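Beneath this line is the structure, given in structure tokens, with notes to follow.
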Amino acid sequence: MNKVYIDGNSLTLNEFIKITRYNYIIELTEKAKTNINKSRDLIDKFVSENKVIYGITTGFGKFSDVSITGLEGKLLQRNLIMSHACGVGKPLSEEIVRGIMLLRINALSKGYSGIRLSTINTLIDMLNKGVHPIIPEKGSLGSSGDLAPLSHMVLVMIGEGEAIYKGERLSGKDAMDKAVIETIELVAKEGLALINGTQVMTSIGAHTIYDSINLSKTADLAAALTTEALNGIVDAFDERIHMVRNHNGQKCSGKNLLSILEGSKMTSRQGELRVQDSYSIRCTPQVHGASKDCFEFVKEKVEIEMNSVTDNPIIFPEDEEAISGGNFHGQPMALPFDFLAIGIAELANISERRLERLVSPGLNYGLPAFLIKNGGLNSGFMIVQYSAASLVSENKVLAHPASVDSIPSSANQEDHVSMGTIAARKAKEILDNSTRVLAMEILAACQAIDLRGNKGLGVGTEIVYNIIRGNIQILEEDRVMYPDLNKCNEILKSNIIVEKVEEKVGQLM
């Protein structure tokens, strides 16, 4: 059985994806269990002593000066979840919800949150058995944690809200009953411990960065196909050019392009057909490489956040202290996710420019206008480029940073917030748009190669071409195009072309 052990300190992005997408089960390490119990013991001691500690013996936010005593503590935690479940919009996907649950479990397992082991085990059972709470995508300010969406997760734990179980949308109580998981009664600190964190933005962002890294490899494949379709000059990809500038992403992209194009009879050398190609071909390593460097930076930040304590107050059992701070603030992730959005958008920007060169008769070196025979009677790929232009224009709007905005909340007690969850959601939407643009470029490049005459593709591009042509026929005359575009997009999303190319040429970077 595929299993990942959770200790709060060592979860990687690859393990995260195995659990969220491929249903690996999780189990706490014994060390994590010990740490959890130590912090819980300290909470119980604080409660018995009526010690004044935020969110344990006081209200929340602006109500932090309201004292809560005795049996009111349980009602306080339940009311917190009920009142804070104010999310709106479409439900987040099941894989993102699984990521949210996993990341909250991982953070709590570090032993600084004061939650009971039994409560964490309930969340683990939900993840392992596939009880996925309905969590609306909107409603978080990305500070004080992802309060509203995380509250929807906890509703199901207490038998409220809604969840998906085995493909069926059910009440939270019915889903838990069918999965044979007991609902819980929250006690002191637990409601706050479960919702005061950055796990919603981090789950969305973690899935997005994982897919973006793969998309950057797809972008190199798309650029290589277009280079062949336009008899592009490979000298611009020479390793020596990239070594003297020495940016790692640029070097990786240049190396990828040469590996993918090895053996091609469709490319040219400097001075054979022309002296230089346009920037969208010649500068591919520089542009794609900058995005690769962006993605490496964001991946590092995501893996730090995945293994961080992000709630408040934080319990330090060895010192017998509970300290109120600001680790729930999403700014450390809001800025990287805004950067991520820009990095993804640029892959689509340059892809659309390459697509324009393929379809435009003044730029495509002798190919038919809009890549179709009998132009005029047929429009060919004309509106494919329109659609790509629309998507990259939308990306430019979406790439405006969310993190530069802040609206005070809780009667100005929480007077600076990150909007990090919005940043993550926007990056994911840009990813979806950009994948479609690259699918359009790849489909157009295959069409252009057929029209120019396939004299022999590179070792990597031949694999891409064969996969596309195995699923989508050449466009001989106008037909309804959106099924072809959708099919190509699904092929890219499956990552099959990257996997098959890597089997042949080695790991792309």
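The values are calculated or read from the model by the stated rules, or taken from the named source; none is laboratory data. Since the model is a prediction, treat every value here as computed from it, not as a measurement. Here Cβ is always computed from backbone atoms with ideal geometry, including for glycine, and neighbour counts include all displayed protein chains.
Helices (runs of 4 or more DSSP H) fully within the stretch 265-367 that include at least 3 residues being of a type in the set (S, T, N, Q) and surrounded by 17 or more Cβ atoms within 10 Å (Cβ to Cβ): 284-306, 331-359.
For the stretch 46-81, taking the residues that are aliphatic (A, V, I, L, M) and surrounded by 15 or more Cβ atoms within 10 Å (Cβ to Cβ), the one that is modelled with the highest pLDDT is identified as I81. Against the condition under 24 Å from S410 (Cβ atoms), buried (at least 24 other Cβ atoms within 10 Å of the Cβ), of a type in the set (S, T, Y) and in contact with a strand residue (DSSP E or B) (Cβ under 6 Å, 6 or more places away or on another chain), how does S144 come out, does it pass? Judged against the criteria, S144 is a match. Of everything in the stretch 466-488 that is in contact with a helix residue (DSSP H, G or I) (Cβ under 8 Å, 6 or more places away or on another chain) and outside any helix (DSSP H, G or I), the residue that is surrounded by the most Cβ atoms within 10 Å (Cβ to Cβ) is L475.
Just checking, does the stretch 101-117 include any residue being part of a strand (DSSP E or B) and either farther than 22 Å from N23 by Cα or β-branched (V, I, T) (or both)?
Taking every residue of the stretch 101-117 in turn, none turns out to be part of a strand (DSSP E or B) and either farther than 22 Å from N23 by Cα or β-branched (V, I, T) (or both).
Looking across I449, I422, I463, I491, one residue alone is touching a Leu at 6+ places or on another chain (Cβ under 8 Å), part of a helix (DSSP H, G or I) and either at pLDDT 95 or above or farther than 30 Å from S143 by Cα (or both). It is I449. Could you grab me the full set of residues in the stretch 409-425 that are buried (at least 24 other Cβ atoms within 10 Å of the Cβ) and under 14 Å from G326 (Cβ atoms)? Listed by number, the residues that qualify are S418, G420. Just wondering, is there one or more residues in the stretch 378-391 that are closer than 24 Å to G249 by Cβ, part of a helix (DSSP H, G or I) and touching a residue at least 60 places away in the same chain (Cβ under 8 Å)? No, because not a single residue in the stretch 378-391 is closer than 24 Å to G249 by Cβ, part of a helix (DSSP H, G or I) and touching a residue at least 60 places away in the same chain (Cβ under 8 Å).
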